[in-house]
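What follows is one structure encoded as structure tokens, with my remarks underneath.
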Amino acid sequence: MLPSIAFVDTNLAHQPGVLLVDDDEVNLLLTALALRERGFTLVEASSGEQALALLRDWTPDIIVLDALMPGLDGFATCSALRRMPGFENVPVLMLTGLDDDASIARAYEVGASDFYVKAPQWSLLTGRLHYLLRASRTRIELERSKSKLARAQSLARMGSFDWRRQGGGMLLSPEALRVFGFGPQDAVTLRSLLRMVPQDERCALLRLLHDSLRQNSVLATDVPIVLFDGRQRIIHAEAEPEFNDHGQYAGYTGILQDVTERRHAEDKIRQLANFDALTGLPNRRQLLWRAERALEQARRLQHQCALLLIDLDRFKIINDTLGHGAGDELLVEVARRLRACVRHSDQVMESALEASGARSHRALEAVGRLGGDEFVALLPEVLDDQDAARVAQRVLDALREPIFVSGHECFVTGSVGVAIYPRDGATVLDLLRNADVAMYSVKAQGKNSAAIFSPLLAGRGREKLEVETALHKAIERDELVLHYQPKVDVHAARMVGAEALMRWQRGGRLVPPGDFIPLAEETGLIVPLSEWALREAAKQARSWQQAFGFADAIAVNLPSRLFERSDLVEHIHQCVTSCGVPHRVIQLEITEDNLMKELQNVIPALHRLNEIGVEISIDDFGTGYSSLAYLTTLPISELKIDRSFVRDLGITPQSSAVVTAI
């Protein structure tokens, strides 16, 4: 028995499978016994033909071949198995008793991984086998990593290149060749690659390459190219210089990646982040960025700049009447016209500003969409107010022209507020706020005009805001009161009812209705104020009923929007029943102009109120449409002739004639 020497490779996860091929039965037996004792799993074959037959159904980890065998010898067997699929890289150890150069050379020619001269030194044989197994495992892992890298580079459209300064030329990996549209057999030079760069970009790229070569610096840039089939691509190149053993510059090595889709996606994201999707104008974010840059330049160069806030006057009517699609069409056309009113620049980036020099701020001039039907014109340099006023007038003139939307001819006008830096604000938000104040002053005076901000306008705006804030809290602070004006039948000399007049006790003084009722109607606060008035009038009717038997009606003026509410009848019913008074003690007044504006919407509510006993009165009759025809179709119990006719009775014959006719 041969001595057993343990030789186990601890890196192996299983016993390696060995195909041992030898025509010498004694040598086959001894070798198999020695390898089994050293941790190998053996399958034995006595000829090359038998070995090839076994390999059709099984792949060993390593093959040990005797070189000299009758029939198919080891050399022919090795050559045959190398041609079999899957056996190109299986390690093959050739056993030979011949120690000559010709046999060794022939073994390597037919594909043997290594050779071993037959000898009973089993530990050396075992060591040789383990070495081949480790080398095979390393090669497999390397091939797998290379395959993964190639796959990753293919997915990322990335490849590598190597450029040698002395005679090596340009070497591209297969993945890099695919990036440029070349095949594996195509010969590619640096000159041919440069020809793919558009002429207007080529000079800048050559300068960059020359600078990098001269300074031996890292190169990183994006290069637009045109492939031979006409497609345009963007290639990202990164390269580092390489040096030889003596520290001398030898060339460049790096990667190439097709970043066309990424760049397009980045451009799309940048577009969505900075520009309005509907009109294509700069959005709020981009406007604020441009305005901040414009103010920085104005501060540095000591000049003025202006912000124009533009609001469309009749957009809501068109949007509600013709639909949102028509509204979008109108906004697109308005954007096109506004763009023509200034030296509009679509795309401005920080780097572009720096490259533009001292007057770079002029490239910031643009019209943008702030939101909804609001636009802003940024004028980065103006000499005086008249410069801004001229642009505002151009805007107004452009908007006055008719616009065809969905087959309809529409007319919109604009209200423009102007704020000047630094006089009207030191920050962009200050300028926007003050331009907004100026714009709303235009709307308050009839719209379709422009106004430049002044401190007087700001004072009015602040006062209005203060009044609105205080009015929100007036009910909870119990600051509202109703004053009652009696209605007198002069012929019978008796009171026939009363009218509730709302007053506001604010800070120790009585605020007249003309100072807060219009604001309440504008802000929608008129609804809770009117509901409060109904409740208070019902309570007062109950108090008078108990005190002196009051049985007439108290008139309460309501806005037309309350008559449109489906729960108005239920609300009045709740008010009177909670106070224990009949429905007839509440008389509702609506002004003639409000009635006629919302006539079709109000008529159903008027009939329902009349059915439960609530009388309807028309206030300020004679100032609106003054059509007597509708009086015969509406459940109206009382007309209140406007005082502009009544106060001149007995003085002017015209007033007497009008009142007599009514």
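The values are calculated or read from the model by the stated rules, or taken from the named source; none is laboratory data. Keep in mind the model is a prediction, meaning the values are calculated, not measured. Because the Cβ atoms are built from the backbone with ideal geometry, glycine has one as well, and the counts that use them run over all protein chains shown. Ligands, DNA and RNA are excluded from the accessible area calculation, which covers all protein heavy atoms including side chains. Shrake-Rupley method; radii C 1.70, N 1.55, O 1.52, S 1.80 Å.
Remarks
- Residue among E242, E261, E266 that alone is open to solvent by less than 90 Å² (accessible area, probe 1.4 Å) and part of a helix (DSSP H, G or I): E266
- Odd one out for S192 among (1) of a type in the set (S, T, Y); (2) within 17 Å of M158 (Cβ to Cβ); (3) surrounded by fewer than 16 Cβ atoms within 10 Å (Cβ to Cβ): (2)
- Of all the listed residues (R390, R423, R369), the sole one being basic (K, R) and without any contact (Cβ under 8 Å) to a residue 60 or more places away in the chain is R390.
- In the set (1) modelled with pLDDT of 90 or more; (2) under 18 Å from G97 (Cα atoms); (3) out of contact with any helix residue (DSSP H, G or I) (no Cβ under 8 Å at 6 or more places or on another chain), the condition left unmet by D23 is number (1).
- Some residue of region 450-462 being open to solvent by less than 90 Å² (accessible area, probe 1.4 Å), within 43 Å of the chain's Cα centre (by Cα) and in contact (Cβ under 8 Å) with a residue 40 or more places away in the chain: yes
- Residue tally, condition among the charged types (D, E, K, R), outside any strand (DSSP E or B) and in contact (Cβ under 8 Å) with a residue 24 or more places away in the chain, over region 207-230: 1
- Considering the conditions (1) under 19 Å from A340 (Cβ atoms); (2) at pLDDT below 90, L278 is excluded by exactly one of them, (2).
- Residues located in region 503-534, provided they are within 44 Å of the chain's Cα centre (by Cα) and of a type in the set (G, A, S): A520, G524, S530
- Just one of the numbered conditions (1) open to solvent by 10 Å² or more (accessible area, probe 1.4 Å); (2) modelled with pLDDT of 90 or more is not true of L65: (1).
- Pairs meeting the criteria (first residue in region 26-43 and free of Cβ contacts under 8 Å to residues at least 40 places away in the same chain and under 18 Å from H130 (Cβ atoms), second residue of a type in the set (D, E) and assigned to a strand (DSSP E or B), beta carbons under 6 Å, at least 6 apart or on different chains) are A32/E44.
- Residue in region 207-227 that is within 30 Å of E365 (Cα to Cα) and open to solvent by 60 Å² or more (accessible area, probe 1.4 Å) present: no
- You will find that of F182, F115, the residue that is open to solvent by 20 Å² or more (accessible area, probe 1.4 Å), in contact with a Ser or Thr (Cβ under 7 Å, 6 or more places away or on another chain) and either in a loop (DSSP other than H, G, I, E, B) or modelled with pLDDT of 80 or more (or both) is F115 and no other.
- Wholly within region 562-662, helices (runs of 4 or more DSSP H) carrying at least 1 residues that are at pLDDT 75 or above, in contact with a strand residue (DSSP E or B) (Cβ under 9 Å, 6 or more places away or on another chain) and not acidic (D, E): 568-579, 599-611
- Looking across A176, A150, A107, one residue alone is under 49 Å from the mean Cα position of the chain (by Cα), modelled with pLDDT of 80 or more, among the hydrophobic types (A, V, I, L, M, F, W, C) and assigned to a helix (DSSP H, G or I). It is A176.
- L465 vs. criteria open to solvent by 40 Å² or more (accessible area, probe 1.4 Å), out of contact with any Phe, Trp or Tyr (no Cβ under 9 Å at 6 or more places or on another chain), of a type outside the set (G, A, S) and modelled with pLDDT under 80: yes
- For region 485-531, taking the residues that are touching a residue at least 60 places away in the same chain (Cβ under 8 Å) and not basic (K, R), the one that is most open to solvent (accessible area, probe 1.4 Å) is identified as E499.
- Residue match in region 386-402 (condition: in contact with a Ser or Thr (Cβ under 7 Å, 6 or more places away or on another chain), closer than 28 Å to T321 by Cβ, outside any helix (DSSP H, G or I) and open to solvent by 70 Å² or more (accessible area, probe 1.4 Å)): no
- Filter result (part of a loop (DSSP other than H, G, I, E, B), in contact with a Lys or Arg (Cβ under 9 Å, 6 or more places away or on another chain) and surrounded by 19 or more Cβ atoms within 10 Å (Cβ to Cβ)) within region 406-448: V412, G425
- Among (1) in a helix (DSSP H, G or I); (2) aliphatic (A, V, I, L, M); (3) open to solvent by less than 20 Å² (accessible area, probe 1.4 Å) - the single one L142 does not satisfy: (3)
- Residues in region 46-64 that are more than 11 Å from V18 (Cβ to Cβ) and not hydroxyl-bearing (S, T, Y): 11 in all.
- Any hit, region 161-169, residues being open to solvent by less than 70 Å² (accessible area, probe 1.4 Å), among the aromatic types (F, W, Y) and modelled with pLDDT of 85 or more: no
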